[in-house]
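Remarks on the structure that follows.
Read-outs throughout are calculated quantities, based only on the coordinates presented, and are distinct from any laboratory measurement. For clarity, every value in this text was computed on a predicted model and none was experimentally measured. Every residue, glycine as well, gets a Cβ built from its backbone with ideal geometry; the counts of neighbours run over all protein chains shown.
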Amino acid sequence: MTGTDSAGRVLLLVPTTSYRIGDFLEAARKLGIDVAVGSGDQDVLERLSRGQALGLDLADLEAGVGRIFEYARRHPLAAILAVDQETTVLAARAAQALGLPHNPPDAVAAAGDKYRFRAALANSGLNVPRFTRHSTDEEARRAARRTAYPCVLKPLALSAGRGVIRADDEVSFVAAFHRIKDILASPDAAQPGDAGDYILVEDYIPGAEVSLEGLLEDGRLRTLALFDKPDPLEGPYFEETIYVTPSRLPAETQRAVAAATETALGSLGLRDGPIHAEIRINDKGAWVIEIAARSIGGLCARSLSFGAGVALEELILGHALGLSVGAAEREEDAAGVMMIPIPGAGVLDGVDGITEARAVPGIEDVTITIPLGQDVVPLPEGFRYLGFIFAKGSAPEAVEAALRQAHARLSFAITPAAD
């Protein structure tokens, strides 16, 4: 199966912070699909040959759509895919302009805005926490006096848990509000539209949390994997660590999670392509926390394999082009990934124990993604992990144990940042 320029190619839109371009390019190579990359990251563009790269200002939607439209006149496109959250709206807008398969841009934008997402679900019949948004310090002080505790404060559009803080009283509410405002003022936290002006406040939802990876086909959800998150996410910050699949939840609960996710997708208006959802479960049922019109972030997709060794990126590319790439059933072995947390702020000077961690039975790989000498910043200000640990095994319990054992063998030398 080989793509040709006359038949069109897939344009991958890649933000500066993406880990995933290499995995998508490898998937395209395996499938014989012709791809191009659109990015604002010059390093990414310089690694690609002429005709396969398109420089874009990802912060300027109108200009981006125009650039993609002109590019497509010279190099016909068959599909446009967002590799990470920051490019989802641009992908939808550009695909709409070119008459290619796409999700409604307003639906994609609503999924990426936590306030609009909550509003879209308010009349869906799903469990939805009480929510408000606030902009000024005075609004925050008033809200702090009347909010039911505990609650959670969130930026409207940041991802990877950045800026998400639990508050248990008025004092911690106001402190969290100011801290998030400082994060939003960072140059690397630019928000679309007026999202950077507001902070969402919603009820804290207790319970276990899972992550659903799926593909939408004409509005129908196909669940590809349901990940358990065995480490409790109770705050004050919400740092994700271990994902393990298949889920150990009862089959009835898993069906309820999928049904709630599909209802939420319908309420948003999403119809096609990869989706990533975060759901909490408690005695009131399933609560859809977030949905993104993209696949799982970081390098976590490497924990997934389908049929005879088909990668998630291959499924996504095949779906975009209407190609059959093999079975979409996940492999029989249990699998998992650990996003290695950052223990403290500073400069990463060294990493020990990688060989020992890789030697743990069941461990597939250990990948450190922050180079030595670079700053490391924990949540809630940070948005990167030190790296990823991957494991497979006969059962979810074995995978989780291997991930924890491998992580225990790693040590990180971090020079604290000067005050």
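Here are the numbers:
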read-out: Computed label-point distance, nm, for sites Asp231 and Val171 using a 7 Å Cα→Cβ extension; value: 2.8
read-out: Alpha-carbon spread of the stretch 185-239, three principal axes, descending order, Å; value: 38, 32, 22
read-out: Principal axis box of the stretch 333-419, alpha-carbon based, largest edge first, Å; value: 47, 25, 16
read-out: Calculated FRET value between Ala63 and Ser135, using beta carbons and R₀ = 35 Å, to 0.05; value: 0.80
read-out: Proxy reagent accessibility, fewest Cβ within 10 Å first, across Thr16, Thr261; value: Thr16, Thr261
read-out: Residue order, fewest to most beta carbons within 10 Å, for Ser411, Ser324; value: Ser324, Ser411
read-out: Mean Kyte hydropathy of -1.0 or more with a Cα span along the axis of at least 24 Å, helices from DSSP in the chain; value: 251-268
read-out: Relative exposure of Lys154, Lys30, judged by other C-beta atoms within 10 Å (fewest first); value: Lys30, Lys154
read-out: Alpha-carbon radius of gyration plus Dmax, which is the widest Cα pair, for the chain in Å; value: 21.0, 62
read-out: Positive dipole terminus of the stretch 333-419, leading residue within Ile368, Pro416, Ala395 (C-beta point charges); value: Ala395
read-out: Segment Ser394-Val347, extension gain: residue separation times 0.36 nm, minus the distance between their alpha carbons; value: 13.1 nm
read-out: Expected 222 nm ellipticity per residue - DSSP helices of 4 or more, -39500 (n - 2.57), all of the chain, to 500; value: -9000 deg cm²/dmol
read-out: Among Arg141, Arg74, Arg93, residue whose mean-square fluctuation peaks in a GNM of the chain (springs only between Cα atoms under 10 Å); value: Arg74
read-out: Set of lysines near Lys284 by C-alpha distance (under 29 Å), chain-local residues within fewer than 8 positions excluded; value: Lys114, Lys154, Lys229
read-out: Rg [Å, one decimal], Dmax [Å, integer] - the stretch 9-103, C-alpha atoms; value: 11.9, 33
read-out: Spatial separation of Cα centroids for the stretch 145-187 and the stretch 279-346, in angstrom; value: 28
read-out: Modelled FRET efficiency - R0 60 Å, Leu372 with Asn123, Cβ distances, 0.05 increments; value: 0.70
read-out: Taking all pairs of distinct alpha-carbon atoms in the stretch 122-220, Kirkwood radius in angstrom; value: 14.8
